[in-house]
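Written out below as structure tokens is the structure these notes cover.
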Amino acid sequence: MSDSEEQPGADVVLEVRGLTKRFGPVVADSEVTLQLRRGEVLALLGENGAGKSTLVKMLVGLLRPDAGEIRIGGDVVRLRSPRDAIGRGIAVVHQHFQLVPVMTVAENVVLGAEPTRRGLFDHRKAAAEVRALSQRFGLAVEPDAVVQDLPIGMQQRVEIIKALYRGAEILILDEPTAVLTPVETDELLRIVAELAERGVGIIFITHKLREVMNGTDRVVVLRDGRVVGDVATADTDEAGLAALMVGRPVVLHVDKEPATPGATVLEIRGLEVDDDRGRLAVRGLDLDVRAGEILGIAGVQDNGQRELVEAICAMRPRRAGTVVLAGREVEGLDVRALHDLGVAHIPEDRDKHGLVGGYFVAENLVLNRFDQAPFSRWGRRDFAAIQRWARQLIADFDVRTPSVYARTDALSGGNKQKVVVARELSRESVLLVAAQPTRGVDVGSIEFIHQQLVAARDRGVAVLLVSAELEELFALSDRIAVIREGRVAAVLDAKSATRETVGLIMAGAAGH
Amino acid sequence: MRPAWVRRRPPPALGVAAALLVAAFLAYAIWGFRAAAVAGFAVRSCTPLALAAMCGILCERTGVINIGIEGQMLLGAFAGFFGAAAFGVVFGVLAAAIIGALGGAFLAVCAVSWRVDQIIAGAVINIVAMGFTTFFYRPGFVIGSLPTWQIPLLADLPLLGPIFFRAQPLAFLTFAVVIGLQVTLFRTTWGLRTTAVGEHPGAADTVGVNVARYRYGNVMLGGALAGLAGAMLSVEITGSFDRAMTAGRGFLALAIVIMGRWRPMLAWTAALLFGLLSGLVNQLNFDQVIDVPPQFVAMVPYGTTIVVLAVFSTRVRPPAAAGRPYP
Ligand SMILES: Nc1ncnc2c1ncn2[C@@H]1O[C@H](COP(=O)(O)OP(=O)(O)OP(=O)(O)O)[C@@H](O)[C@H]1O
Ligand SMILES: [Mg+2]
């Protein structure tokens with residue numbers, strides 16, 4: 001045993017020893033040991049299902065460990081609830097924010113520990129507190145803004161301020177950048193650095209190695225619930241981390257032949273679509289996607305991408321324009337009819353539109369054809385066939401699940417994503433609409449999903465790819481359409497386009 | 001600075017109330033006595049509805065849908081009347097509040113602790129209340145209705161005086177409850193937390209707000225108010241008890257909650273509109289301006305409810321967690 005374990009230095013704020021958590025036969029975390037120092041940014045890295053989120057849940061009192069201990073400032077603590085944890089100075093920002101949408105930033109921040117004046121809620125003081133915190137830590141927010149009107153990146157900041165207001169000294173961020181735009185991500189990394197500067201210890205979970213390299217001091221790598229690496233970020237590089245994580249070298253770029261596009265499969269003219277609040281989000285958009293090509297959609301978030309995808313997939317009514325699929329106007333067809341015409345869809349929000357959480361993994365894997373042979377005969381489902389098929393897909397796509405009969409919502413985030421991708425890619429289709437197909441997926445699996453998307457293209461599928469990651473767009477696309485304010489601002493050849501031009505057009509630079 | 005969940009939907013309560021008032025004064029100037037009669041009828045018939053609606057607001061704002069208001073009112077009317085007949089008015093009124101709160105406790109146990117479907121739990125309250133009060137009902141008791149109190153000076157105001165300052169005790173209590181709830185919901189930490197619990201219980205829970213405790217507390221408090229609304233019908237206004245005497249008022253109250261967008265003052269205004277409408281039809285019928293069978297006059301509030309719900313319920317948004325158990 002080394003010295004530092006015998007007598008943790010005064011600056012160790014959090015220490016975890018031998019922490020273990022089992023779910024039935026699944027060992028999610030196995031004797032995890034790590035230390036977090038004051039003012040340190042610690043990256044927690046690992047494949048999908050490696051046990052990162054489970055570890056976090058134990059640290060914030062959402063799950064009880066089966067073995068091991070958690071020490072805060074040297075004292076062994078038992079955390080029974082997030083309340084307990086925040087009382088000890090540990091706060092977490094989950095991917096699904098815990099904010100009341102109809103209340104203001106200030107109200108959300110102080111909720112549960114409100115300032116009062118003469119027995120009444122002191123709204124002015126609350127706003128002042130928020131303003132003070134946002135100045136001290138460089139987190140610009142408007143205290144009187146209503147949370148539901150704020151973009152995701154802003155809401156995340158509110159969560160961070162909420163943690164700081166409660167005196168958090170240890171802040172855990174579970175895949176905070178998965179839902180952020182690149183600009184918001186940079187901003188978050190800046191904020192994280194600022195917080196660390198002021199002494200907050202931060203655990204940062206991400207699948208993006210670039211963020212690990214740019215924004216963290218030390219990396220702990222988990223594989224199958226065990227710590228397999230604990231290194232200073234400066235002593236490693238992306239390839240090294242990827243290999244440590246997956247246990248083999250990972251190819252970080254995609255090999256693909258030039259596309260051989262065929263006939264136009266999807267033809268959109270003058271499309272207009274409203275967003276949830278009834279404002280025009282897609283405003284007269286024209287787009288063609290041809291068989292055998294990947295058309296990438298680039299754009300700053302909230303420029304009509306979501307509405308475009310939902311309109312194509314019959315999940316949102318359109319206001320004007322035509323959408324022609326393989327020579328046929330699809331106006332009035334429902335999701336099912338489109339699906340029968342050969343449209344596959346990887347939705348952006350897997351939990352809301354991609355999966356039925358209470359179903360078995362196997363059932364979710366055949367959700368797009370449970371009623372067809374061989375999965376259904378004479379109206380009876382054939383479980384043997386479903387199970388065989390599910391086994392195959394689980395192996396192909398490396399879905400980490402205890403069995404085909406596990407409940408889908410017990411899977412880790414990235415593994416759920418793989419279930420959706422596997423299902424949609426496993427059926428022959430004419431058009432594949434892929435929105436953020438690798439959200440929350442680890443680098444090894446990203447590699448595989450990318451290969452599969454290219455393979456679909458080579459089989460002659462028209463692929464419409466929407467991604468917030470420029471990397472991904474450039475790696476996969478044959479053409480890139482830049483969308484801005486609900487219109488296509490430019491369509492570029494992916495080989496000759498550069499990130500700078502795409503970035504400039506996205507931002508609305510003159511000339512386009 | 002008003003908190004956000006007030007500011008976002010500027011309450012038209014004041015506007016509507018002002019318009020009503022102006023109209024009432026005009027009518028008063030022209031028809032004098034009749035307008036006062038209509039207005040008086042309106043307030044008397046709307047007050048139990050308003051109090052019952054406060055129950056609905058309290059429950060739904062913490063995330064529990066209470067369709068058992070009708071049953072709680074009936075229990076309150078029953079316990080209030082027989083309590084008053086046996087041990088005096090004060091006892092009766094207290095008994096009404098307590099039995100209403102017990103109904104609320106039952107709903108809370110079902111909805112919060114046992115995660116039963118809230119509609120079913122509410123329906124159970126209604127059925128049990130109906131059966132219980134009918135079974136134990138004994139005809140032949142009578143007590144007098146409650147006295148009317150006057151607030152000196154204010155009671156002599158033209159039109160306003162007889163409406164707001166010359167009323168029976170529980171009506172005064174209702175005014176106080178409505179105003180009190182308006183203030184506490186929108187100005188106190190209790191109100192902030194109640195809103196949070198009804199909109200996003202997860203968020204409230206992680207910052208240390210005890211969701212179950214808030215739901216139990218508010219649903220029981222609401223039940224007590226519904227019980228009092230029932231006592232208002234039996235003890236205060238008529239001085240008698242009848243089988244099923246609430247006659248669907250608990251359901252009207254739910255419609256009023258929606259019309260009032262889950263805000264106390266606005267709901268009160270909505271209730272007043274209901275009352276005015278029936279008052280008007282009543283008076284017209286009485287004066288033989290129109291001649292419809294009394295059954296149809298009695299239908300006015302229910303018909304209005306259908307129209308109102310058809311128009312309003314698609315445009316307003318209930319608390320996001322209403323009807324959903326937590327966790
Ligand atoms: N509630 C649960 N019931 C059963 N098994 C679970 C439960 N939660 C997690 N697991 C299992 O524990 C393992 C670790 O999951 P965890 O969510 O910690 O992974 P992760 O590292 O966060 O992955 P990702 O990168 O995909 O988010 C997985 O195999 C998962 O299936
Ligand atoms: Mg996770």
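Read-outs throughout are calculated quantities, based only on the coordinates presented, and are distinct from any laboratory measurement. Worth saying up front: this structure is predicted, and the values here are computed from it rather than measured. Ideal geometry is used to build each Cβ from the backbone, glycine not excepted, and the neighbour counts take in all protein chains shown.
Amide H to amide H, with H built 1.01 Å from N, A:Ala489 comes under 5 Å of A:Val482, A:Ile483, A:Arg484, counting only residues 5 or more places away or on other chains.
Toward the positive end of the charge dipole of the protein assembly as shown, with +1 on the Cβ of Lys and Arg and -1 on the Cβ of Asp and Glu, the farthest Cα among B:Ala53, A:Leu171, A:Asn368 is that of B:Ala53. Using the Cβ-Cβ distance between A:Asp237 and A:Asp340 with R0 = 45 Å, the FRET efficiency computed as 1/(1 + (r/R0)^6) comes to roughly 0.40. Between A:Arg459 and A:Arg248, the FRET efficiency from the beta-carbon distance, with R0 = 35 Å, is close to 0.80.
Could you tell me how far the Cα centroid of segment B:168-239 sits from the Cα centroid of segment B:35-98, in Å? The distance from the Cα centre of segment B:35-98 to that of segment B:168-239 comes to 13 Å. For segment B:79-94, putting each phi into the Karplus relation 6.51 cos²θ - 1.76 cosθ + 1.60 with θ = phi - 60° gives couplings of 4, x, 5, 6, x, 5, 5, 8, 10, x, 4, 4, 4, x, 5, 4 Hz, in residue order, rounded to whole numbers and with x for Gly and Pro.
Any idea what the dipole of the protein assembly as shown comes to, in debye rounded to 20, about its Cα centre with Lys/Arg Cβ at +1 and Asp/Glu Cβ at -1?
For this selection, approximately 2600 debye.
With neighbours defined as other Cβ atoms within 10 Å of a residue's Cβ, the residues B:Cys110, B:Cys59 order from fewest to most as B:Cys110, B:Cys59.
For A:Gly73, nonlocal amide neighbours, meaning residues 5 or more places apart or on other chains whose placed amide H falls under 5 Å from its own, are A:Leu14, A:Glu15.
Applying 1/(1 + (r/R0)^6) with r as the Cβ-Cβ distance of A:Arg328 and B:Phe136 and R0 = 56 angstrom yields a FRET efficiency of 0.20. Paramagnetic label reach from B:Asn210 (point 7 Å along Cα→Cβ; backbone nitrogen cut-off under 17 Å): within segment B:103-138, residues B:105, B:108-109, B:112-114.
Between A:His96 and A:Asp75, what length comes free when the chain is fully extended (0.36 nm per residue of separation minus the Cα-Cα distance, one decimal in nm)? Walk me through the intermediate numbers first.
On the way: separation 21, 0.36 × 21 = 7.56 nm, distance 3.04 nm.
Here the segment from A:His96 to A:Asp75 would lengthen by 4.5 nm.
Annotation: extensible slack from B:Ser113 through B:Arg34 equals 23.2 nm (criterion: 0.36 nm per residue apart, minus Cα-Cα distance). Annotation: amide H-H contacts under 5 Å for A:Phe23 (H modelled 1.01 Å from N, sequence separation of 5 or more, or interchain): A:Ala28. Whole-Hz Karplus values for segment B:202-217 come out as x, 5, 5, 4, 5, 9, x, 7, 7, 4, 4, 5, 4, 5, 4, x Hz, taken residue by residue from phi with 6.51 cos²θ - 1.76 cosθ + 1.60 and θ = phi - 60°; glycine and proline positions read x. Which shape class, rounded, prolate or oblate, goes with segment A:350-427 when its Cα gyration tensor gives a ≥ b ≥ c as root eigenvalues, a/c under 1.5 marks rounded, and past that a/b bigger than b/c marks prolate? Taking the square roots of the gyration eigenvalues as a ≥ b ≥ c, segment A:350-427 is prolate.
So if each residue of separation counts as 0.36 nm, and I subtract the Cα-Cα distance between A:Val356 and A:Ala373, what length gain in nm does that give?
Numbers: separation 17, 0.36 × 17 = 6.12 nm, distance 2.14 nm.
Gain on stretching A:Val356 to A:Ala373: 4.0 nm.
In the Gaussian network model of chain B, springs joining C-alpha atoms below 10 Å, which of B:Gly100, B:Gly275, B:Gly303 carries the largest mean-square fluctuation? Checking each option, the largest mean-square fluctuation is seen for B:Gly303.
Please arrange B:Phe78, B:Phe141 by counting, for each residue, the other beta carbons lying within 10 Å of its beta carbon, fewest first. Don't jump to the answer; show the numbers that get you there.
Details: B:Phe78 27, B:Phe141 14.
Fewest to most other Cβ atoms nearby, the residues stand as B:Phe141, B:Phe78.
Applying a threshold of 27 Å to the alpha-carbon distances of A:Lys208/A:Lys418; A:Lys256/A:Lys418; A:Lys162/A:Lys416; A:Lys52/A:Lys256; A:Lys208/A:Lys416 flags A:Lys162/A:Lys416; A:Lys52/A:Lys256 as lying beyond it. Distance from the C-alpha centroid of segment A:241-302 to that of segment A:390-463: 16 Å, rounded to the whole angstrom. Taking a ≥ b ≥ c as the square roots of the eigenvalues of the alpha carbon gyration tensor, segment A:436-486 is oblate, as a/c is not under 1.5 and a/b does not beat b/c.
When chain B is treated as a Gaussian network with alpha carbon springs shorter than 10 Å, the biggest mean-square fluctuation among B:Ala35, B:Ala52, B:Ala105 belongs to B:Ala35. Once the dipole of the protein assembly as shown is set up with Lys and Arg at +1 and Asp and Glu at -1 on Cβ about the Cα centre, which of B:Phe33, A:Asn48, B:Leu94 lies farthest towards its positive end? Checking the options against the dipole of the protein assembly as shown, the answer is B:Phe33.
Assuming charge only on the beta carbon of Lys and Arg (+1) and of Asp and Glu (-1), the dipole of segment B:181-327 about its Cα centre is about 660 debye to the nearest 20.
Panel note: the C-alpha atoms of chain A, placed on their principal axes, show extents of 70, 53, 46 Å (largest first). Peptides A:58-66, B:304-312, A:457-465 ranked from most to least packed by the mean count of surrounding Cβ atoms within 10 Å: A:457-465, A:58-66, B:304-312. Here the spin labels are modelled as points 7 Å beyond Cα on the Cα-Cβ line, and at A:Arg124 and A:Tyr405 they lie 6.5 nm apart. 7 Å from Cα along Cα→Cβ at both A:Arg269 and A:Val430: what's the point-to-point distance in nm? My value for the distance between the label points is 1.8 nm.
Modelled spin labels at A:Met315 and B:Leu154, positioned 7 Å past Cα toward Cβ, are 5.6 nm from each other. With +1 on the Cβ of every Lys and Arg and -1 on the Cβ of every Asp and Glu, and nothing else charged, how large is the dipole of segment A:96-168 about its Cα centre, in debye rounded to the nearest 20? Computed about the Cα centre, the dipole is about 280 debye.
Karplus-based coupling profile of segment A:152-158, in residue order and whole Hz: 3, x, 5, 4, 4, 4, 4, with θ = phi - 60° in 6.51 cos²θ - 1.76 cosθ + 1.60 and x standing for Gly or Pro.
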